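The values are calculated or read from the model by the stated rules, or taken from the named source; none is laboratory data. Treat the numbers as computed from the prediction; the structure is a model and nothing was measured. Neighbour counts run over all protein chains shown; Cβ positions are idealised from the backbone, glycine included.
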Amino acid sequence: MRALVFNEDGGYAVVERPMPEPDAGEVLFRTHYSGICGTDLHAVELGRYTDDVVIGHEFAGEVASVGPGVAGWRAGDRAAVHPKGNVCGACPECRDGLPNLCSAPDIGGTAGIGSDGGMASYVSLPAGKLRRLPDEVSMLEGAWVEPVAVALRGVTRSGFKVGRRAVVVGAGPIGLLTVIHLRLGGASEIIVLEPSELRRAKAEEVGADLTIDPLADDPAAIFGGDIERPDYAFECSAAPGALDTAVDILPHHGALALLGVATSPVSFRSDIIIRKELTVTGSSSYAEEFDIAIRLLARKALDVRPLTSDVVGLEGVFDAFERLRQGTAIKILVRPED
Ligand SMILES: [Zn+2]
Ligand SMILES: [Zn+2]
């Protein structure tokens, strides 16, 4: 079978791989859809990917067969893969109900980053990484569970309250999903800062009240003047200067939630954070949000189809990477069997 693998020294290659065989406790999983994540585009700079790993950590499909000792799963079962779904359960973080922060090496590695993931027709996975997909959630939607959960945790961690105003900085997939969650959560006003026209249009389509091109109109000059300052700012861009912008436009006692992962150190005006007594929250992957994301998709509380720019086969991934880098697509899903 063909697979998209990460090479430490040069990025990516589609290579021929033998059909994996499930060990004890593992299932052989057939991937239907696997999303390309912004993290994948920056794998070399991030330095977190294992050399020669099959990438893809946002994926859904079905169980093809089960290895020895697997209970509760059988061939044909539909599932989304929780890439960090089997943790130690014993470290201080796990004991505090924070499996997303587990300090022991994930058993089997994070799928698509530390161990093989979704960018191949088949992958062997510990059964503990599978989360059942109800019939109401399509396979395509199943590939969205992971990013939906990431954005959901960012909103939850911010302490967002119904009826408040919010600014979202950056309208990539996580920024757009943050807009959707804020709308679901009862925001009274959602303003998006985003230089790409395509992404601004998409933000308005999914529920932003107003979008601003920060390169054309200085947000620091607008907020507090024509537009009221937001109670919350969600930084989803990791763009240089974005943190300063968010800190500038927030009022005293505003809340800044960080979701965008910068690939190099960023500086920001800590004196303003102190003077305004801002609250800053970090948010790392997801805990219970993964199962909540499945429930939200099952009851059609949110629609990810407008965010799905394209579905390509493995031969289309390099072109897809380029489109994502240029910002001419929002999210591209891969069907590895094609
Ligand atoms: Zn991701
Ligand atoms: Zn742990």
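Tabulated results
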read-out: Segment 111-124, residues that are closer than 19 Å to VAL334 by Cα, modelled with pLDDT under 95 and touching a Gly at 6+ places or on another chain (Cβ under 9 Å); value: ALA111, GLY112, SER115
read-out: Test: residue in segment 171-184 that is outside the structural domain of LEU215 (by TED's automatic domain parsing), away from ligand 2 (no atom under 16 Å from the Cβ) and under 19 Å from the mean Cα position of the chain (by Cα); value: no
read-out: Hits in segment 16-74 (condition: within 16 Å of ALA320 (Cβ to Cβ) and either of a type in the set (Phe, Trp, Tyr) or within 16 Å of ligand 2 (Cβ to nearest atom) (or both)); value: TYR33, PHE59
read-out: Filtered residues of segment 280-338 (kept if polar (S, T, N, Q) and not in a loop (DSSP other than H, G, I, E, B)); value: THR281, THR308, SER309, GLN326
read-out: Leading residue by the ranking (surrounded by the fewest Cβ atoms within 10 Å (Cβ to Cβ)) among those in segment 245-277 that are among the basic types (Lys, Arg) and within 22 Å of ILE191 (Cβ to Cβ); value: ARG269
read-out: 1 or more residues out of contact with any His (no Cβ under 8 Å at 6 or more places or on another chain) and under 20 Å from GLY142 (Cα atoms): qualifying helices (runs of 4 or more DSSP H) within segment 1-111; value: 38-41
read-out: Residue check, PRO195 touching a Gly at 6+ places or on another chain (Cβ under 8 Å), of a type outside the set (Asp, Glu) and either at pLDDT below 95 or within 16 Å of ILE330 (Cα to Cα) (or both); value: no
read-out: Any chance GLU315 is over 21 Å from PRO147 (Cα atoms) and assigned by TED's automatic domain parsing to the domain that holds GLY112; value: yes
read-out: Test result for ALA104, closer than 24 Å to LEU314 by Cβ, away from ligand 1 (no atom under 16 Å from the Cβ) and touching a helix residue (DSSP H, G or I) at 6+ places or on another chain (Cβ under 9 Å); value: no
